[in-house]
Structures are given as structure tokens and as C-alpha cells.
Amino acid sequence: MKIAFFSTKSYDRTYMNQVNEAFGHDISYFDTGLRPSTAVLAQDHTAVCIFVNDQADTETLEVLKDQGVELLALRSAGFNHVDIGKADELGIKIARVPAYSPYAVAEHALAMILTLNRKTHLAYSRVRDGNFSLERLTGFDLRGKTVGVIGTGVIGRVFAQIMLGVGCKVVAYDPYPNEELKQQVEYMGLPELFSQSDIISLHCPLTKDTHYIINEEAVNQMKEDVMLINTSRGGLVDTKAVIQGLKHQKIGYFGLDVYEQEENIFFEDLSGAIIQDDMITRLMTFPNVLITSHQAFFTQEAMTGIAKTTLQNIRDFEEGKELANEVSYSDK
Ligand code: NAD
């Protein structure tokens, strides 16, 4: 099938090309993101493949429909960037990659926790500068601390198991609790989770219900010196409220792999540019904030898994099979 891939970097092409040897799809790669103005590039392609910061809104989908696109293949688990209702109305099918490597994201959340706690990001620069002092590098034992997990789907469950393995007590909030996890984890309401957790990690999708789930009110309910980790979606966190929490030293640590205005920043080399986004630049000034550029998924295993599932989704569509990973209007 002819597929137009948007927002592709060298690493996307490497993994897709390797896996496509077994599929033989006809792929056109575009560096540019999918926007209303770039959607015309999809002309004569039956499928369009996009990533997390592409825009599949009403206007874009209408242009894609005019180009003859029938399938939108997401290289991601999240689908908050797609107007599912509009796609349904236009008859464009959507498929996603529901689980490629939950370990990749869960382990990245752990990496952020350990870095912020043991301050290895500060120690690394200090030692390279000939500074072997331990001043202000004190951490805390993770063992015995309470970790609050918001969203116990595929990734949240792996993360909960990792933290249990480290010796933490794990509490969780999810409107649909996992029966198996209930044996090891205490489910509770969000206010209780906020007030009991030493570390809070977000693993729920971005929906209208979860937008700004971390807002000023939530920050006020948290413990002093709490650690907040967001590897899920930027829009879950009201960044302004968290900046206030950091300034007032209510939030002791903030690790973010996703940011609510990441579209024009993340995945790009802006080292020679003047960054216009004042919130991200403010966050960059805190020594107790760790920012990574939406890289939690980025392992060899996950890249191979994403490529395999994406190309299989497209093949299933091509062969008229039922789409196992279809995102439908009811998932909205
Ligand atoms: P999943 O669908 O398996 O799990 C999501 C869980 O969130 C479900 O159990 C669901 O019941 C729960 N949930 C729904 N609404 C909720 C709410 N209001 N409060 C709390 N929980 C709620 O998804 P997953 O594979 O575990 O992925 C979770 C999220 O991680 C994705 O939606 C995506 O945004 C993010 N993600 C990030 C990266 C990255 O590289 N940073 C990579 C993959 C996924």
C-alpha cells in the first residue's frame, strides 16, 4: 500500500525500512509534520502515518479525505491529537499501536525518579568540572516511600511493579481499576493519592476529563517536597500551577518527558535559536526539574515494535481484515 509518513526523522526511517522488508509497502517519507497546509503531500496515498505532535484536526482530515486517504495509522498509543468524530464522519479509519514496549516508558519514569532523587544530572557536570564536593547532592531511600500511580493501564501497571520491586508502597487511581493489581496496590480517590504520595507518576491518557488533572488545587493537596513525574501527555499538567508549586518549594522535584506546548520544541535541535516559550525556559532554570524531549518510548525494542504493529495494521486494512488496533468513536 502507498503510505505517506509524516514527521519522520532518520531513526524512524531506519526502523521502518528494516521492518518493511518483510511487508513491501510503498513508503514516502516527509520530514514535515501533518498540518492543514501539508496534508496535500498525501495525494495518491491510501494511508497516512503520523506521530504524537502531528495535527489530525477537522481541517487536516478534510484535506486528507480530498487526497483519497482512507487510513490514518498512528505510530503511537495516544490518540488525543486526532479528531476521531470527524474521521468517523469522513469514513477514514484510524489504527494505533496500543502497546509496543510499556517497559520503555515505565523504565524512563524510573530513570527520571532516580536522577532527580540522587542528582546524577548535577553530579555528572560537577565532576567533569573537577568539583568532587557532595554539597546539595543528598538524596533519599526509595524503599518505604509511597508512590502514587495515576492510570494503571499497560504502562502504569509495569511502572507499579517496578516501584514495588524497589520496595515502595504503591497507591493508585484509575476509574477502571485493574483486578490483578488490586492484590498489591491500594486504589483510592485522587485527593487521597495526592495527600499520601511522596512520588506521583502520570500514566493516564489525555482526554477532556484528564486535561490539567494536575492543577493548582491538586498541587495544594500534595505533600511538601513531592516528586511529580509526567511521561504521559503534557496537557495533563497545568504547567503554570506546577511552576508556582516549584517556586514555593511545595513541589520538590519535577520530571517531564512531555510538555503541553511541546509541538514546536520537542524533537528539534533548537540550540542556536531563541526559545520563545517562556514556561519551558522557566522550567529549564530549576535545578530540581529534569526535562527530556518525549523520549520515554525511545528504545530499540519499542521502535521495532512500533514499526511492526504500524505496518501490520496497514496490511490488515489493505487485506480488508478487521482492524485489531482500530481507534473508534467509542474510544473518544
Ligand atoms: P492504557 O490505555 O493501557 O492505560 C491508560 C489507563 O488510564 C487505563 O487504565 C485507563 O482506565 C486510565 N484512565 C483513563 N482515564 C483516567 C483518569 N481520568 N484518571 C486516571 N486514569 C485514567 O495506555 P498506556 O499504554 O498505559 O499509555 C498511557 C499513556 O502513556 C498514553 O495515553 C500516552 O499518553 C502515554 N505514552 C507516552 C509515551 C512517551 O514516550 N512519553 C509513550 C507511550 C505512551
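Could you please find all residues in segment 55-114 being open to solvent by less than 10 Å² (accessible area, probe 1.4 Å), in a helix (DSSP H, G or I) and closer than 19 Å to Ile3 by Cα? Passing the criteria: Thr60, Leu61, Leu64, Ala87.
The set of residues in segment 1-59 that are touching a Lys or Arg at 6+ places or on another chain (Cβ under 6 Å) and over 17 Å from Asn313 (Cβ atoms) comprises Tyr29, Gln55, Thr58.
Of everything in segment 118-162 that is polar (S, T, N, Q) and closer than 19 Å to Phe194 by Cα, the residue that is farthest from the chain's Cα centre (by Cα) is Thr146. Screening Ala104, Ala111 for residues that are without any contact (Cβ under 8 Å) to a residue 12 or more places away in the chain and closer than 28 Å to Met303 by Cα leaves exactly one candidate, Ala111.
Contact annotation: residue pairs with Cβ atoms under 9 Å, 6 or more positions apart or on different chains, pairing a residue in segment 175-198 that is free of Cβ contacts under 8 Å to residues at least 40 places away in the same chain and open to solvent by 30 Å² or more (accessible area, probe 1.4 Å) with a partner that is near the ligand (Cβ under 10 Å from one of its atoms) and among the acidic types (Asp, Glu), are Pro175/Asp209; Tyr187/Asp174. The residue that is most open to solvent (accessible area, probe 1.4 Å), among those in segment 289-332 that are more than 19 Å from Lys2 (Cα to Cα) and free of Cβ contacts under 8 Å to residues at least 24 places away in the same chain, is Glu322.
Would you call Arg157 open to solvent by 20 Å² or more (accessible area, probe 1.4 Å), assigned by TED's automatic domain parsing to the domain that holds Gln55, modelled with pLDDT of 95 or more and basic (Lys, Arg)? No, not satisfied. Residue check: Val242 meets all listed conditions (1) in contact with a helix residue (DSSP H, G or I) (Cβ under 9 Å, 6 or more places away or on another chain); (2) open to solvent by 20 Å² or more (accessible area, probe 1.4 Å) but one, namely (2). Comparison of Val127, Val52 shows that the only residue that is among the hydrophobic types (A, V, I, L, M, F, W, C) and closer than 26 Å to Phe297 by Cα is Val52.
Could you grab me the full set of residues in segment 140-152 that are open to solvent by 30 Å² or more (accessible area, probe 1.4 Å) and either within 16 Å of the ligand (Cβ to nearest atom) or farther than 29 Å from Leu181 by Cα (or both)? Matches in segment 140-152: none.
The values are calculated or read from the model by the stated rules, or taken from the named source; none is laboratory data. Everything numeric in this text was worked out from a predicted model, so none of it was measured. All Cβ positions, even for glycine, are placed from backbone atoms using ideal geometry, and neighbour counts span all protein chains on display. Remember, those area values only see protein heavy atoms, side chains included, never the ligands or the DNA or RNA. Shrake-Rupley method; radii C 1.70, N 1.55, O 1.52, S 1.80 Å.
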